[in-house]
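Okay, structure first, notes after.
Nothing in this text is a laboratory measurement; each read-out follows from the coordinates by a stated rule. Given the structure is predicted, the values throughout are model-derived calculations rather than measurements. Every residue, glycine as well, gets a Cβ built from its backbone with ideal geometry; the counts of neighbours run over all protein chains shown.
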Amino acid sequence: MAQYQVGILGGGQLARMSMIAAHQLGVKAVSLDPDPASPAAQVGPFIVGSITLPEDIAKVMSCCEFVTFENEFIPASALREACALASFDPANVTPRIETLEVIQDKLTQRRALLAHSVPSPRAVPAADARELGFPCVLKARFGGYDGKGTRYAKSEAEYLSILGEIDVQQWLAEEFVSFNRELAVMVCAGPTTSCFPAMVTEQKNHVCDLVYGVDEEDTQERATKVAIAAVEAVKGQGLFGVELFEHPDGRISVNEIAPRPHNSGHYSLDWGGTSQFEAHILLTLGIFGAVQKGKSTWMANLLGQEGAQDYAKALAALTEKHPEARMHWYGKAEAKPGRKMGHLNICDDSMDTAARDAFYKAWVNL
Ligand SMILES: Nc1ncnc2c1ncn2[C@@H]1O[C@H](COP(=O)(O)OP(=O)(O)O)[C@@H](O)[C@H]1O
Ligand SMILES: [Mg+2]
């Protein structure tokens with residue numbers, strides 16, 4: 001018998017919330033991160049090591065029955081090597097290594113979607129951007145997050161100037177989408193497929209800011225269908241966050257697939273139904289049933305602020321003035337401006353961000 005049932009590669013907030021869910025379910029889990037004080041290490045067993053080193057991943061595999069991850073940046077080759085080192089069955093990695101491999105290169109991901117007729121912006125290697133015309137979007141094929149690795153080329157001149165700053169082999173170019181809204185659907189691909197509701201995700205400076213439910217039935221249905229098709233296109237098993245564009249004419253296309261819990265699903269910690277982290281753990285064990293729906297709940301991210309001070313004081317101010325807000329804090333050592341530090345969930349239809357404002361105000365001592 002392995003010491004742990006689930007090994008989570010990574011130690012950030014997604015690993016932390018997955019660890020808490022595992023604990024609640026009575027599933028023994030362990031995380032992997034170079035920092036012994038990582039957000040996940042603060043809430044449960046951990047192994048200190050790198051998520052990109054086969055030897056360190058193998059340490060996790062050696063003591064776990066099943067393995068999953070919290071981001072798509074672990075090279076598929078490192079996972080395969082780790083499986084060989086630890087004599088670990090690759091079928092016990094969820095999502096599958098083959099799926100991760102397709103997703104972690106945004107160009108092969110786009111090609112997989114288009115090959116399966118899933119609506120998605122046309123993409124080519126960055127060197128061929130002229131085929132698309134301008135404006136277009138240039139993206140790092142590997143490792144982008146929170147808009148780091150996304151550049152807009154409005155004209156050929158801008159494109160040429162960006163080319164001077166990037167390694168063109170490592171970038172793609174894709175059609176610019178003049179979207180109406182950005183949506184996201186969490187897909188649970190287990191013994192059966194079941195989805196969380198489609199959510200609107202509002203970004204500020206390319207970082208997710210607010211998440212709330214899509215009201216229109218018809219949009220819910222169509223977004224869900226496209227998201228499921230996207231996950232099928234990459235032969236997905238496990239939990240996936242599918243980011244979508246809603247076009248001005250109502251059409252829905254896929255921006256990208258995240259093979260893991262996703263910021264757009266954080267509200268589910270407090271909606272009274274299945275949480276995405278519970279789903280993630282159960283899907284990793286291969287025993288998921290179906291998403292149980294809860295009440296309408298929205299989420300506001302809490303980002304690091306210039307001059308941020310005492311968290312405890314800010315929490316006190318929040319709870320005193322806004323008892324309706326549920327706090328989720330990730331325990332990151334440094335509140336660098338823009339870094340995701342926590343989020344608030346509010347189980348209500350109103351979209352009043354006064355609770356977040358009050359928190360920030362107390363946090364930066366305004
Ligand atoms: N083709 C596109 N057209 C217009 N905006 C885009 C396009 N692709 C991405 N964006 C914008 O940039 C953001 C970040 O891009 P994304 O591919 O999701 O990268 P990340 O990995 O940083 O989340 C998206 O949420 C969206 O707002
Ligand atoms: Mg994205």
- FRET efficiency for Gln292 and Thr319, using Cβ-Cβ distance with R0 set to 22 Å, rounded to 0.05: 0.20
- To the nearest 0.05, what FRET efficiency results for Tyr152 and Ala84 with a Förster distance of 35 Å applied to their C-beta separation? 0.25
- Message: Give me the one-decimal nm value for the distance between modelled label points at Thr52 and Arg122, 7 Å along each residue's Cα-to-Cβ direction.
- Response: 3.4 nm
- Neighbourhood net charge (10 Å Cβ-Cβ; Lys/Arg +1, Asp/Glu -1) for Lys295: -2
- Label-point separation in nm, Ser62 to Ser178, each point 7 Å along Cα→Cβ: 5.8 nm
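Multiply the residue gap between Trp329 and Arg251 by 0.36 nm, knock off their C-alpha separation, and tell me the result in nm, one decimal place. Don't jump to the answer; show the numbers that get you there.
Values: separation 78, 0.36 × 78 = 28.08 nm, distance 3.60 nm.
Once the chain is fully extended between Trp329 and Arg251, it gains 24.5 nm.
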- Query: Around Leu85, what is the net charge, scoring Lys/Arg as +1 and Asp/Glu as -1 over all other residues with Cβ under 14 Å from its Cβ?
  - Reply: -2
- Name the most mobile residue of Met341, Met186, Met199, meaning the one with the largest mean-square fluctuation, in a Gaussian network model of the chain with Cα contacts below 10 Å. Met341
- Query: Hey, which aspartates and glutamates would be in cross-link range of Lys59, C-alpha to C-alpha under 16 Å, not counting anything within fewer than 8 residues on its own chain?
  - Reply: Asp33, Asp35, Glu81, Asp89
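Need the full-extension length gain, Ala2 to Leu25, defined as separation in residues times 0.36 nm minus the C-alpha distance. One decimal, nm. List each step's numbers first, then the result.
Details: separation 23, 0.36 × 23 = 8.28 nm, distance 1.76 nm.
Gain in length upon complete extension: 6.5 nm.
Counting only other residues whose beta carbon sits under 9 Å from that of Glu243, what net charge do I get with K and R as +1, D and E as -1? Present the calculation step by step, with values, prior to reporting the outcome.
Details: positive: none; negative: Glu182, Glu256.
Here the count lands on -2.
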- Item | Fewest-first ranking of His116, His280, His328, using other Cβ atoms within 10 Å as the exposure measure | His116, His328, His280
- Task: Averaging sequence separations of C-alpha pairs under 8 Å and six or more residues apart, then dividing by the length of the chain, give the relative contact order as a whole percent.
- Result: 14 percent
- Message: Among Arg16, Arg110, Arg251, which one shows the highest mean-square fluctuation when the chain is modelled as a Gaussian network with alpha-carbon springs under 10 Å?
- Response: Arg251
- Message: Roughly how far apart, in whole Å, are the Cα centres of the stretch 303-326 and the stretch 219-255?
- Response: 35 Å
- Sorted largest first, extent of the stretch 140-225 alpha carbons per principal axis (Å): 46, 30, 21
- Item | Cβ-based exposure ranking for Lys295, Lys321, in which fewest neighbours within 10 Å come first | Lys295, Lys321
- Candidate lysines - alpha carbon under 30 Å from Lys148, same-chain residues fewer than 8 apart omitted: Lys106, Lys139, Lys204, Lys225, Lys235, Lys332, Lys336, Lys340, Lys361
- GNM, the chain, Cα, under 10 Å: largest mean-square fluctuation among Thr319, Thr99, Thr68? Thr319
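Determine one quarter of the surface area of the Cα convex hull of the stretch 4-93, which equals its mean projected area, and express it in nm² to one decimal.
Values: hull surface 18.9 nm².
Computed as one quarter of the Cα hull surface, the answer is 4.7 nm².
Calculate the FRET efficiency for Ile166 and Ala354 from the Cβ-Cβ distance with a Förster distance of 30 Å, rounded to the nearest 0.05. Show your work: numbers first, answer last.
Values: r = 41 Å, r/R0 = 1.38.
Once the sixth-power term is evaluated, E becomes 0.15.
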- For all pairs of alpha-carbon atoms in the chain, what percent lies in each bin of width 10 Å, listed from the first bin to the last filled one? 5, 23, 33, 27, 11, 1, 0
- Can you sort Ile287, Ile281 so the residue with the fewest Cβ neighbours within 10 Å comes first? Ile287, Ile281
- Message: Just to be sure I understand the model, the point goes 7 Å from the Cα along the line to the Cβ. What's the resulting Phe134 to Lys225 distance in nm?
- Response: 3.8 nm
